[in-house]
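Beneath this line is the structure, given in structure tokens, with notes to follow.
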Amino acid sequence: MIPPSPQIFHGREQELAELLLILNQETPRVAILGPGGIGKTSLARAALHHSKVNTKYSQRHFIFCQSTNTCTSLVASIATHLGLPQSKDPTRKIVHHFRSSDPCLLVLDNFETPWEFIAFRAEVEEFLSLLDDIPHLAILVTMRGTERPKKVKWSRPFLPPLKPLASLAALKMFTDIAEDQHDKEKVMELLNLTGYLPLAVSLIANIVSYEGCDYALAHWRTEKTHILSDGYDKSSNLNASIEISLASSRMTADAQQLLIVLSILPDGLSDTDLSQSGLQIPNILKCKATLIQTSLAYSENQHLKCLVPIQEYIRDKHSASPSLKFSIRQHFHKMLKLWDTFRILPSQEIVDHISRNLGNISSILKDAL
């Protein structure tokens, strides 16, 4: 059995077209990457049911990996799915099965779960490389973050990590769930709060469908992401999805401190600001890389930023230390002082720099009140 095609699917036409092109190659090896709740599984399912994929691959397999914490459990899960008899060497049985089969597509969903743990990563990558040696086996994995497992010759060009939906696609998704009978201005306000993250859009639309926009807006102001976190798993609970990313073995205490800083800076920080901010965070550029690798932050126009739901979650759960707040305030105070010094002969570069940080300055002032 494979999961059904997503019934509500908007804003991923380009990504789906790119994915189908890769899957039509001779030996496809593709990873769908991005943060939790961005729609990686939905994209994989849409491709799995596309007519072009059905025509090329007589066999399609979809393996749920979220409960496979080790290579052993991953192998066991695949063997069970394929209906293979118990064996002392299930890996060999799996490889033999795929080698002797017709052209086949194997989807490994949430593959970061077995791959994440450093202790098992080499073993997991070695197993994946055995599958990679089978030319008529297409491999599609979905993973949190921006890293692809090693020991696999991934198809080029790489599929870029998924980004949030465009506003129109988010609105279509919302309307499919909550119907088109709500105040447009309030709906757009709610969608802005979701950061156009598909999981958050879906959850807020479900709330609006039976409680209305006013209820959702009022409760967001007091409960933030908690209003989207009543479900039991990451597919129906926004906080649970964020917590999985925070629990990554790649995360460090220093990277978390940088994430806390970003949570109060809606405009993000440029590389220049990161290096000149005076933040007492060791290896700050390495911390930046860690946040991008885990998809807890992303780079946009050379600025490191967080999605709105992640910002709200971090601000609710983690407070910046007084020394960290002081460093942030000092940095932006110096920025404004520089503008004040040269405002008689204004530098366009300084004006542009301040303009790009107006949201940050406003947030810092509110935080200080």
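The values are calculated or read from the model by the stated rules, or taken from the named source; none is laboratory data. Not measured: the values here are computed from a predicted model. A quick note on method: Cβ atoms are made from the backbone with ideal geometry, for glycine too, and the neighbour counts reach across all protein chains shown.
Selection of the stretch 22-41 for residues being over 19 Å from Phe9 (Cα atoms) and touching a residue at least 40 places away in the same chain (Cβ under 8 Å) yields Ile22, Leu23, Gln25, Glu26, Thr27, Pro28, Arg29, Val30, Ala31. Every listed requirement among (1) exposed (fewer than 14 other Cβ atoms within 10 Å of the Cβ); (2) more than 30 Å from Thr70 (Cβ to Cβ); (3) of a type in the set (Gly, Ala, Ser) is met by Ala119 save one, (2).
From Leu171, Leu130, Leu162, Leu140, grab the single residue that is under 30 Å from Pro103 (Cβ atoms), of a type in the set (A, V, I, L, M) and without any contact (Cβ under 8 Å) to a residue 40 or more places away in the chain.
Answer to the check: Leu130.
Restricted to the stretch 22-51, and to residues that are out of contact with any strand residue (DSSP E or B) (no Cβ under 6 Å at 6 or more places or on another chain) and hydroxyl-bearing (Ser, Thr, Tyr), which residue is nearest to Ser248 (Cα to Cα)? In this case the residue turns out to be Ser42. Out of the residues in the stretch 113-138 meeting the condition of being among the aliphatic types (A, V, I, L, M) and assigned to a helix (DSSP H, G or I), tell me which one is farthest from Lys150 (Cα to Cα). The qualifying residue farthest from Lys150 (Cα to Cα) is Ala119. Residues that are surrounded by 14 or more Cβ atoms within 10 Å (Cβ to Cβ), within 22 Å of the chain's Cα centre (by Cα) and farther than 27 Å from Ile310 by Cα do occur in the stretch 33-55. Assess whether Ala122 counts as being touching a Gly at 6+ places or on another chain (Cβ under 7 Å) and either of a type in the set (Gly, Ala, Ser) or touching a residue at least 40 places away in the same chain (Cβ under 8 Å) (or both). So Ala122 does not fit the description; no. Among the residues of the stretch 4-29, those that are part of a loop (DSSP other than H, G, I, E, B) and surrounded by 15 or more Cβ atoms within 10 Å (Cβ to Cβ) comprise Pro6, Ile8, Phe9, His10, Gly11, Arg12, Pro28. Flag: Arg343 matches the condition of being modelled with pLDDT under 90, part of a loop (DSSP other than H, G, I, E, B) and either on the phi < 0 side of the Ramachandran plot or not hydrophobic (A, V, I, L, M, F, W, C) (or both).
If the condition is being of a type in the set (S, T, N, Q) and either within 17 Å of Asp267 (Cβ to Cβ) or modelled with pLDDT of 90 or more (or both), then the stretch 311-326 contributes only Gln311.
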